[in-house]
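The structure appears below as structure tokens.
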Amino acid sequence: MTPVPQSDEHGYPYTTEWYNSLKASLGEAGCRQLGFYPVPRDFLLSVVIPIFNESKTVENLIDQVKAVPLRKELVLVDDGSTDGTREILKRLETQAQADADPQNQIRVIFHEVNQGKGAAVRTGFLEAQGDVMLIQDADLEYDPSEYPRLLQPIIEGKADVVYGSRFLGDQPHRVLYYWHFLGNKFLTTLSNCFTNLNLTDMETCYKLFKKEVIKEIAPGLCQNRFGIEPELTAKVARRQCRIFEMSISYDGRTYDQGKKIGWRDGVKALWCIVRYGLKD
């Protein structure tokens, strides 16, 4: 059963009343250090979740997303799964309609054939309606409880885009695959050369966008697989969006556990960095 966020002696998390109560006891500086801030009452976060053959993890992941104490729209895009994932999503959608949870709207979209992560992300962005939209993989490598911290620069009007970096700060990070790490650093560095950004993790899943930013970009997205990462990065850089980067935790999985990205995707990423670094 999904844990339901409960109000405490300070109120419901991230409301103005909750924040003012904490500020009275901790002070504004204390709240800022702890990542406490108010979220507008009418704010809606769209969580775009591309899914392909994730029957072992998808229900757990959705429960974790629903437990985040923010009003959310979960846009679940099944990209032609064949392992029973589609049946799980249909059941969850029916259950959500019956529950009518005001904190968690669930929409499920099905691709009839597998097209790739980029295609699923593009479909999700075009369908989503939230004030801020983020990408969440369905494999439990990234922790949804970090949404509020990642959202803060956008909510406070400082950022248009936020990237969650696996290589910045002191968040827990599972130790895996040295050559993947080296490849990621190389691709990020090359991307930075074309975009003039100083990102530490261009290939991260956690990318958050203000609605007006991604709604302008999404119709023109071309990459259907993991090339979506450098394509998105080049396009927000070209538009001179205010981009923040924040540390995140990372519990990477192995190929035996279902990791899908391979060396061919790295080669394609190289091409995409050059292609979109030169022109939209």
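If you go through the stretch 197-211 one residue at a time, do you hit one that is surrounded by fewer than 17 Cβ atoms within 10 Å (Cβ to Cβ) and out of contact with any strand residue (DSSP E or B) (no Cβ under 9 Å at 6 or more places or on another chain)? No, the stretch 197-211 has no match at all. Being at pLDDT below 95, loosely packed, with under 12 Cβ neighbours inside 10 Å and not charged (D, E, K, R) holds for only one residue in Ala96, Ala100, and it is Ala100. Residues that are part of a loop (DSSP other than H, G, I, E, B), out of contact with any helix residue (DSSP H, G or I) (no Cβ under 6 Å at 6 or more places or on another chain) and either at pLDDT below 95 or among the β-branched types (Val, Ile, Thr) (or both) are absent from the stretch 73-80. Applying the criterion of being of a type in the set (Asp, Glu) and not in a loop (DSSP other than H, G, I, E, B) to the residues of the stretch 237-275, the residue that is modelled with the lowest pLDDT is Asp265. Exactly one residue out of Lys23, Lys66 is in a helix (DSSP H, G or I) and either touching a Leu at 6+ places or on another chain (Cβ under 7 Å) or within 19 Å of Pro144 (Cα to Cα) (or both): that is Lys66.
Is it the case that Glu212 is on the phi < 0 side of the Ramachandran plot and free of Cβ contacts under 8 Å to residues at least 40 places away in the same chain? So Glu212 fits the description; yes.
When the stretch 103-128 is filtered for residues that are out of contact with any helix residue (DSSP H, G or I) (no Cβ under 7 Å at 6 or more places or on another chain), surrounded by 15 or more Cβ atoms within 10 Å (Cβ to Cβ) and of a type in the set (A, V, I, L, M), the ones remaining, listed by number, are Ala119, Ala120, Ala128. Can you pull out every residue in the stretch 18-33 that is touching a residue at least 12 places away in the same chain (Cβ under 8 Å) and hydrophobic (A, V, I, L, M, F, W, C)? Matches in the stretch 18-33: Trp18, Leu22, Cys31.
Yes or no, residue by residue, for (1) more than 22 Å from Ile51 (Cα to Cα); (2) more than 16 Å from the chain's Cα centre (by Cα); (3) in contact (Cβ under 8 Å) with a residue 40 or more places away in the chain:
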{"residue": "Phe186", "(1), (2), (3)": "yes, yes, no"}
{"residue": "Leu190", "(1), (2), (3)": "yes, yes, yes"}
{"residue": "Cys205", "(1), (2), (3)": "no, no, yes"}
{"residue": "Glu229", "(1), (2), (3)": "no, no, yes"}
{"residue": "Leu232", "(1), (2), (3)": "no, no, no"}
{"residue": "Val236", "(1), (2), (3)": "yes, no, yes"}
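Pairs meeting the criteria (first residue in the stretch 86-115 and within 13 Å of Lys66 (Cβ to Cβ), second residue assigned to a loop (DSSP other than H, G, I, E, B) and not polar (S, T, N, Q), beta carbons under 6 Å, at least 6 apart or on different chains) are Gln103/Arg71.
When Asp83 is tested against (1) touching a Ser or Thr at 6+ places or on another chain (Cβ under 8 Å); (2) surrounded by 16 or more Cβ atoms within 10 Å (Cβ to Cβ), only condition (2) is not met.
Within the stretch 25-76, the set of residues being out of contact with any Asp or Glu (no Cβ under 8 Å at 6 or more places or on another chain), of a type in the set (S, T, N, Q) and either surrounded by 17 or more Cβ atoms within 10 Å (Cβ to Cβ) or over 23 Å from Glu156 (Cβ atoms) (or both) comprises Asn60 only. When each of Leu150, Leu134 is tested for being crowded, with 17+ Cβ neighbours inside 10 Å, in contact with a strand residue (DSSP E or B) (Cβ under 6 Å, 6 or more places away or on another chain) and in a strand (DSSP E or B), the lone residue that passes is Leu134.
The values are calculated or read from the model by the stated rules, or taken from the named source; none is laboratory data. A quick note: this is a predicted structure, and the numbers were derived from the prediction, not measured. Don't worry about glycine lacking a Cβ; one is built from the backbone with ideal geometry, like all the others, and counts go over all protein chains shown.
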